[in-house]
1. Of the residues in segment 85-101, how many are out of contact with any Pro (no Cβ under 7 Å at 6 or more places or on another chain) and surrounded by 14 or more Cβ atoms within 10 Å (Cβ to Cβ)?
2. At pLDDT 95 or above and exposed (fewer than 13 other Cβ atoms within 10 Å of the Cβ): does that describe Pro188?
3. Among the residues that make up segment 70-78, is at least one of them aromatic (Phe, Trp, Tyr) and in contact with a helix residue (DSSP H, G or I) (Cβ under 9 Å, 6 or more places away or on another chain)?
4. Quick one: in segment 1-40, which of the residues that are β-branched (Val, Ile, Thr), part of a helix (DSSP H, G or I) and surrounded by fewer than 23 Cβ atoms within 10 Å (Cβ to Cβ) is nearest to ligand 2 (Cβ to nearest atom)?
5. List pairs: first residue in segment 28-48 and outside the structural domain of Gly297 (by TED's automatic domain parsing) and within 12 Å of Phe65 (Cβ to Cβ), second residue near ligand 1 (Cβ under 6 Å from one of its atoms) and among the hydroxyl-bearing types (Ser, Thr, Tyr) anywhere in the structure, Cβ distance under 8 angstrom, at least six positions apart or on different chains.
6. So which pairs qualify, if the first residue must be in segment 372-394 and over 30 Å from Glu360 (Cβ atoms), the second must be buried (at least 16 other Cβ atoms within 10 Å of the Cβ) and at pLDDT 95 or above, the Cβ gap must be under 7 Å, and the two must be at least 6 apart or on different chains?
7. Under 8 Å by Cβ, and 6 or more places apart or on different chains, what pairs join a residue from segment 150-170 that is at negative phi and at pLDDT 95 or above with one that is outside any helix (DSSP H, G or I) and of a type in the set (Ser, Thr, Tyr)?
Amino acid sequence: SEPTGTNFINNIIDEDIRNNIYQNNKVLTRFPPEPNGYLHIGHAKSILLNYNTSLRYNGKFNLRFDDTNPVKEDEEYVQSIKEDIKWLGADWEDRLFFASNYFDKMFLYALELIKKDLAYVDDLSPDEIRQYRGTLFSPGKNSPYRNRSIEENLELFTRMKDGKFIDGSKVLRAKIDMSSPNINMRDPIIYRILHTHHHNTGDTWCIYPMYDYAHPIEDGIEGITHSICTLEFEDHRPFYNWLLENLDDFKIQRPKQIEFAKLQLSRTIIGKRFIKTLVDKGIVDGWDDPRLMTISGMRRRGITPEAIQNFCDEIGVARSNSIVDIAMFEHFVRDDLKLKTPRLMAILDPIKIVITNYPEDKIEWLDMHNNQDNESLGIRKIPFGREIYIEKEDFMEVPIKKYFRLFPGNEVRLMGAYFIKCNEVIKNANGEIIQLNCTYDPETKSGSGFTGRKVKGTLHWVCAQNCIESEIRLYDYLLNDNNDIDDDEDNPDPLNNINPDSLKVIKGYLEPELANANSGDKFQFVRNGYFVVDSKDSTKNNLVFNLTLNLKSSWKP
Ligand code: ATP
Ligand code: MG
Ligand code: MG
């Protein structure tokens, strides 16, 4: 895709280029997911930002799995993340990296810090370390182990690596300043002992680097020029810079960390941890449940990469947090599908009509445009016969004021077919309407140029003798309408706010044309909304359609 509008990050990079900060002025960005879950719309924003920035400057884009924490990571996530990024269209070419492949180097850099008296092995317990760290309002205290000799630290750290100590008994800490106003600079832990299997390195390591130590080194090793991350890392930037400035390998060129605001959306929660809880509790049908804002969920919902890209372009990149109205996202989804999808007819809540003056065994095939606004989508044939279905809501026995649809004595147009008039309402023993008897006027055939009289209502319909039945899944928001709930990882309990009616499964009656629909095919069902063939459960004999969105937009540009 084309580089789009400029943002504050572009201004920073432009300035760096003017000042010749980077060798050959080659911009290199990266997307660094931790493989501990599936990607979501927030990640999509970050992927597209990094990828588009690389395109804009004729640079390169790395995909790097930030897999330095063995506990929560899994190969399944690595595969899904690759698939999702490819689908979004961000091309990392051959630039795929795993942070765990840098464990050897990270270990050597830790030795370098120890030799420079910039790191020490600490025997305090995790609780003690927390106590010694102090608070925002009080300085921390030096650990009694802080003045160990370089020789002793080298020996202890090597023994940590050799598996001589149990989990939690020792850590390696950077030696900076226990009274720094920035708590992240109060001798942060850089290595911990964890006798745990790692998805990539197996049992090679029993010490693992902490995120704040690993991340700058990963960026440095790859030669990243602009390390774009989200705002919660702003206070970590001083340590990011401290570390790289103190390692000889990064004397000449260092990456620059730039923070932007996380994407948040109303009516949904996109934090990985929250989504994982919904998946683990079975509240949703896996990570790709169409109600989730995961990339795989959106794909299964019938949302296209182009819609996501257009939305991300529109919201831009900012340095302050705000919640984006989900209606705006939906606007871009509809806008993208509008001209791309064929418009077919489906009846989701049927009432039967018998056209009493139409021959019993006759089926005629009518021509219909697939999309009135995009003739390149061509024409199809639809069957018309004596028995048809319309939506229940398109009939009223006793019409309210200004009701132009079908009621006894009234005439309406059946889209692409004929005018029909309702003559008789048939009810069962309980008084429920089960059938409408109508007559049609052969003169009024669509496309025949008939101008004899006008009708106000046009209804969609399907031929009851020649339609297919399918499962239709209607989705609503996962969360109730309550804007007080925010995506705070530290106190999440949006589970209290779950909408119990976010999925409704019904039967639909579709034009026979849809029998040929394949997994992932997208349609507009006239007047009902956008639908997609479910990629997980739909089969040739048992079609399943997911609602992408209905047609009504509440968003005003
Ligand atoms: P989550 O908060 O959902 O757990 P994360 O940040 O922990 O996400 P990572 O795999 O570490 O997940 O994220 C990879 C990249 O995606 C990071 O650079 C992160 O800042 C970015 N990212 C995550 N969530 C968002 C978001 N909502 N908006 C924009 N970028 C995001
Ligand atoms: Mg993270
Ligand atoms: Mg997280």
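The values are calculated or read from the model by the stated rules, or taken from the named source; none is laboratory data. What you are looking at is a predicted structure, and each value in this text was computed from that prediction instead of being measured. Quick reminder, even Gly has a Cβ in these numbers, built from the backbone with ideal geometry, and neighbours come from all protein chains shown.
1. Looking only at segment 85-101, we keep the residues that are out of contact with any Pro (no Cβ under 7 Å at 6 or more places or on another chain), and these are 85-86, 90-101.
Narrowing the set further to residues that are surrounded by 14 or more Cβ atoms within 10 Å (Cβ to Cβ) leaves 85, 90, 92, 95, 97-101.
Number satisfying all stated conditions: 9.
2. Details: at pLDDT 95 or above: yes; exposed (fewer than 13 other Cβ atoms within 10 Å of the Cβ): no.
So Pro188 fails the test.
3. Just the residues of segment 70-78 that are aromatic (Phe, Trp, Tyr), to begin with: 77.
When the remaining residues are screened for being in contact with a helix residue (DSSP H, G or I) (Cβ under 9 Å, 6 or more places away or on another chain), the result is none.
No, segment 70-78 has no match at all.
4. The first filter runs over segment 1-40 and keeps only residues β-branched (Val, Ile, Thr), leaving 4, 6, 9, 12-13, 17, 21, 27, 29.
This time we only want the ones that are part of a helix (DSSP H, G or I), so: 9, 12-13, 17.
Filter again for surrounded by fewer than 23 Cβ atoms within 10 Å (Cβ to Cβ), leaving 9, 12, 17.
Details: Ile9: 20, Ile12: 23, Ile17: 29 Å.
Only one residue fits best here, namely Ile9.
5. Phe31/Ser46
6. Going by the 7 Å Cβ cut-off, the qualifying pairs are Leu377/Pro342; Leu377/Asn370; Leu377/Asn371; Gly378/Asn370.
7. Asn153/Tyr120; Phe157/Tyr191; Met160/Tyr191
Okay, residues lined up against (1) within 21 Å of Asn499 (Cα to Cα); (2) polar (S, T, N, Q):
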{"position": "Pro290", "(1), (2)": "yes, no"}
{"position": "Met298", "(1), (2)": "yes, no"}
{"position": "Ile303", "(1), (2)": "no, no"}
{"position": "Asn321", "(1), (2)": "no, yes"}
{"position": "Ala327", "(1), (2)": "yes, no"}
{"position": "Leu339", "(1), (2)": "no, no"}
